[in-house]
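The structure appears below as structure tokens.
Derivation of every value follows stated rules applied to the coordinates shown; laboratory data play no part. Source: prediction; values computed, not measured. Because the Cβ atoms are built from the backbone with ideal geometry, glycine has one as well, and the counts that use them run over all protein chains shown.
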Amino acid sequence: MRVLVKGAGVAGLTAAFELASRGASVTVAELRPRLGGNASWAAGGMLAPWCERESAEQPVLDLGRGAADWWDVVLPGQVTRTGTLVVAAPRDVGELDRFASRTSGHRWLGEEDIARLEPDLAGRFKRGLFFPGEAHLDPRRAMAALHDKLVAKGVDFRFATDGQGLPGFECEVDCRGIAADDAALRGVRGEMLILRTPDVSLSRPVRLLHPRFPLYMVPRADHHFMAGATMIESDEAGPVTVRSMMELVGGACALHPAFGEATIVEANAGVRPAFADNLPRIESLANGIAINGFYRHGFLLAPAMARQAADILFNPDKRVGACA
């Protein structure tokens, strides 16, 4: 089976991997001139299905449970399995109770427990929640490594093209995210900072709860940290706004004052594709299928959706559209 995958974000790369692994001849077409620059490139990379259940529906937990295992098998050494720590400032401790009531897979921590997990946060937070089953990865390293693995499998990448006019494909898989021609999609803008400071060390993603401006801080290599959490109902893909910059920097300093002296290495924004229920879908097209609507759960849910898409295309009882 010859398949054209449109889009080289995390949805397209994982779909290409599942299809190629089952014997399909796959070409990936990407409108950008190179890998990156999309919403996946600006992602946090948290594989945190239990934490995400706080604001998401049950399918996010069900589909996301196996994400860390998938990434670990496909890209050995890329996944860090140290869990997630959730804390709140003393004035916001009620947010911890609310978060705990909406999630599972966690245990309560006291001040000494937090200090054992993250020594640099010692004395800063009295209570916290620890989700030991969660993990994280660096999205950019993972995308680059997955691209290289796909090339080694024989997948053909065509950059700077939308794929129109490429001949000989039995079906297409549209993974273009917000660029797809789907009126049901809306854009949810996410803004992020990459900070660098040698004065703070974290072993796992830390979520700082706040009733209006929650923050997550994800450690990366060489004293780099990714700060994020903005969710703005907008399909505007412009630079980070002053307000978001202030919120993210303020949250970082509330987590640890040393972030006030950090270098801002990057400020970036991406537009996440979302349906009304904030859950991803596989939809039938005239010439294949579309995988879209990952909202803020791209790296968490893409593996499960890619497996489902491959099942559809290779199962005669489930085939849709032009792949029938």
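Can you tally the net charge around Ala100? Count Lys and Arg as +1, Asp and Glu as -1, for every other residue whose Cβ sits under 13 Å from the Cβ of Ala100. Spelling it out: positives minus negatives among the neighbours equals +3.
So if R0 is 45 Å, what FRET efficiency would Val265 and Arg22 give, r being the distance between their Cβ atoms, rounded to the nearest 0.05?
Between Val265 and Arg22 the formula returns 0.70.
How about the range 21-94: which trypsin sites (Lys or Arg not before Pro) there are in a DSSP loop, with at most 11 other Cβ atoms within 10 Å of their Cβ?
Sparse-neighbourhood loop trypsin sites (Lys or Arg not before Pro): Arg34.
May I ask for the distance between the Cα centers of the range 207-256 and the range 1-78, given as a whole number of Å? Each part's Cα centre sits 23 Å from the other's. Model label points for Asn315 and Asp199, set 7 angstrom from Cα along the Cα-to-Cβ axis, are 5.5 nm apart. Between Asp277 and Arg65, the modelled labels are 1.9 nm apart [label points 7 Å from Cα along Cα→Cβ].
So if a site counts as exposed when it's one of the GluC sites (Glu not before Pro), its DSSP state isn't H, G, I, E or B, and it has at most 12 other Cβ atoms within 10 Å, what's the longest stretch of the chain without one? Here the longest segment lacking exposed loop sites spans 58-235. On the basis of the beta-carbon distance and an R0 of 25 Å, Asp235 and Asn287 show a calculated FRET efficiency of 0.50. Of all DSSP bridge pairs formed entirely within the chain, close to 70 percent run antiparallel. Taking θ as phi - 60° and the Karplus parameters 6.51, -1.76 and 1.60, the scalar couplings of the range 293-308 work out to x, 6, 6, 9, 10, x, 5, 6, 9, 4, x, 5, 5, 5, 5, 4 Hz in sequence order, x denoting glycine and proline. Charge tally around Pro211: other residues with Cβ under 12 Å, Lys/Arg +1 each, Asp/Glu -1 each, net +1.
Distance between the modelled labels on Ser55 and Glu112, one decimal in nanometres: 3.5 nm (7 Å Cα→Cβ projection). For Leu75, what charge total do you get from the other residues with a beta carbon under 11 Å from its beta carbon, if Lys and Arg give +1 and Asp and Glu give -1? Computed value for this residue: -1.
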